[in-house]
Amino acid sequence: MGSASSETVKGLVIREVNFGDNDKLLTLLTEQHGKMTVRGCGVRSHKNKNFAASQLFSYGTYVIAKRKNGGDYIKEADLEENFFALRENLVSLAFASYICELANYISGEENSDEPFLRLVLNTLWAESHGEASPERTKKIKASFELRCACALGFSPELSACSVCGRRGGAELYLDILGGALLCPDCVAKTGHADREGFGGWTRPLVRVSEAAVDAMRYVTRADEARFLSFSLPEPYMDEFANACERYLLGHIGRGFATLDYYKQFERL
Ligand SMILES: [Zn+2]
C-alpha cells in the first residue's frame, strides 16, 4: 500500500494545455468518470512513450496514477485512434475543435455518461472518414448540435404545431426556448418574434421548412449509431444548420470561440 494508486480508463483527449517545460494538462472525456483532468509528464517530447496518446483528439486507454493531494498523472497510455484526417483539412480541424470545446462544456466530472462519449466519438469518426466537404461538415455539425441539445435534456417536440396541433405545412417556425413548433397561423395570432405580440411574447423563432423539420425529427429520434444516416436536399441544409445551431446555443446561452473560428471558414 503506497500513497498512490492507479486506475485504467478509456477516454478521449478533449483539451490540452501546456504546463511546465515539457508537460501537458489533459482533459479526458472518459467512459468511467466523465471528465478528468490529468497531467502528462514529459509528453510534449516526441521521444516520450505517451506522446501520441497525449494529443488533442487522441482516444485510447490510460493508466492514471492517483495521488491523494490531486495532481493525477498518466503512467501509461495506449492509443487506439487519433482521427488523423481531421488535421488534414482546416474546416474539419476547426469543427473538431468546436466538438471538443462543446464536449468540455457539456460533460461533468465524476459522472459517467457513456452515451455522450459515444456521440462525440461517432461525430469525430464521421468527420474524419469519408470525403470531406463543407456541406458534409455542415450536416454533421448541425446533427451533433441537435443531439447535444437532447443530451442536455432539451429535446424539441417536433410532431405538430404546439398551439393548434396542425401537422405538416410547407412553412413552420421553431420556438427555440419553448422547444416546440408553431404554424404560421399561430405565429400570426400569438405575435411575431420581433414584435411585441400576444402576452408580450417575444421569444426567438426560427423559420424552418418541413424538409428541415423532418431532418431534425430524424436526428432526435435515430439510434446513436445512425443519427447521420439521412439525406437532405441542399436548398434545405442551411435552414437545418441554422435551426440546430441556434437551438443549441439558445439553450446553452453562450457562444464558443472555436465556433467563431469555424465560421470564418464557412464564409469562404
Ligand atoms: Zn398552429
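The values are calculated or read from the model by the stated rules, or taken from the named source; none is laboratory data. What you see is a predicted model; the values in this text were computed from it and never measured. As a convention, Cβ positions derive from the backbone with ideal geometry for all residues, glycine included, and neighbour counts pool all protein chains shown. Side chains are part of the model used for accessible areas, which takes the heavy atoms of the whole protein and leaves out ligands, DNA and RNA. Shrake-Rupley method; radii C 1.70, N 1.55, O 1.52, S 1.80 Å.
Can you figure out the FRET efficiency of PHE230 with GLU114, using R₀ = 35 Å and their beta-carbon distance, to the nearest 0.05? Working shown, then result.
Values: r = 24 Å, r/R0 = 0.68.
The calculated FRET efficiency here is 0.90.
Give the percent of DSSP beta bridges with both residues in the range 4-81 that are antiparallel, rounded to the nearest 5.
Antiparallel bridges: around 95 percent, rounded to the nearest 5.
Mind checking the full-extension length gain between ASP223 and SER155? Use 0.36 nm per residue of separation minus the Cα-Cα distance, one decimal, nm. Provide the component values of the computation, followed by the final result.
Values: separation 68, 0.36 × 68 = 24.48 nm, distance 1.46 nm.
That pair, ASP223 and SER155, stretches by 23.0 nm at full extension.
When the Kirkwood radius is taken over all Cα pairs of the range 4-81, what Stokes-Einstein diffusion coefficient follows at 10 °C and 1.306 mPa s, in µm²/s?
132 µm²/s
Under the Karplus relation 6.51 cos²θ - 1.76 cosθ + 1.60, θ = phi - 60°, what is the ordered set of whole-Hz ³J(HN,Hα) values for the range 30-39, x standing for Gly and Pro?
Along the range 30-39, the couplings run 10, 5, 7, 10, x, 7, 9, 9, 9, 9 Hz.
Going by accessible area, probe 1.4 Å, with all protein chains left in place, what is the ranking of CYS164, CYS244, CYS150, largest first?
Numbers: CYS164 70, CYS244 0, CYS150 30 Å².
Descending accessible area places them as CYS164, CYS150, CYS244.
Using a 7 Å offset from the Cα along the Cα-to-Cβ direction at both ASN22 and ASP238, what is the distance between the two label points in nm, to one decimal?
5.3 nm
Need the list of lysines near LYS263 for cross-linking: C-alpha distance under 24 angstrom, and skip anything on the same chain fewer than eight residues off.
Partners within reach: LYS138, LYS139, LYS141.
Using a 10 angstrom cutoff on alpha carbons, build the Gaussian network for the chain and name the most mobile of LEU117, LEU90, LEU12.
Of LEU117, LEU90, LEU12, the most mobile in the Gaussian network model is LEU90.
Measuring from label point to label point, each 7 Å out along Cα→Cβ, what is the LYS263 to SER5 span in nm?
Here the answer is 4.7 nm between the modelled labels.
In degrees, nearest 10, range 0 to 90: what is the angle between the Cα axis of helix 257-266 and the longest Cα principal axis of the chain?
It is inclined by approximately 60 degrees.
Which value, in debye to the nearest 20, describes the size of the charge dipole of the range 4-81 about its Cα centre when Lys and Arg Cβ atoms bear +1, Asp and Glu Cβ atoms bear -1, and nothing else is charged? Working shown, then result.
Working: 12 positive and 10 negative charges, 59 e Å.
Computed about the Cα centre, the dipole is about 280 debye.
Expected output is a single nm value to one decimal: the length gained when fully extending between HIS46 and ASP185, i.e. 0.36 nm times separation in residues minus the C-alpha distance. What is it?
On the way: separation 139, 0.36 × 139 = 50.04 nm, distance 6.30 nm.
Stretched out fully, the HIS46 to ASP185 stretch lengthens by 43.7 nm.
Using unit Cβ charges (K, R positive; D, E negative) and no other charged atoms, how large, in debye to the nearest 20, is the dipole of the range 85-268 about its Cα centre? Could you put the intermediate results ahead of the total?
Working: 20 positive and 26 negative charges, 67 e Å.
Dipole size: approximately 320 debye.
Of THR61, ALA142, SER128, which is farthest towards the positive pole of the chain's charge dipole, taken about the Cα centre with +1 and -1 on the beta-carbons of Lys, Arg and Asp, Glu respectively?
THR61
With each run of n ≥ 4 DSSP H residues scored as -39500 (n - 2.57), what mean residue ellipticity at 222 nm is computed for the chain after dividing by its residue count and rounding to the nearest 500 deg cm²/dmol?
Numbers: 7 runs with 98 residues, N = 268.
Counting only the DSSP helices, I get -12000 deg cm²/dmol.
Which trypsin sites (Lys or Arg not before Pro) in the range 1-110 pass both tests, a DSSP loop state and at most 13 other beta-carbon atoms within 10 Å?
On the way: sites: LYS10, ARG15, LYS24, LYS35, ARG39, ARG44, LYS47, LYS49, LYS66, ARG67, LYS68, LYS75, ARG87; in loops: ARG44, LYS47, LYS49, LYS68.
Those that pass, being in a loop and sparsely packed, are LYS47, LYS49, LYS68.
Give the cysteines in the chain for which no other Cys Cβ lies under 4.7 Å away, or write none if there are none.
CYS41, CYS100, CYS148, CYS150, CYS164, CYS186, CYS244
Percent of Cα-Cα pairs more than 28 Å apart in the chain, please.
Details: 14859 of 35778 pairs.
When all Cα pairs of the chain are counted, 42 percent exceed 28 Å.
Given points 7 Å out from each Cα along the Cα-Cβ axis, report the ASN69 to ARG207 separation in nanometres with one decimal.
For ASN69 paired with ARG207, the spin-label model returns 6.3 nm.
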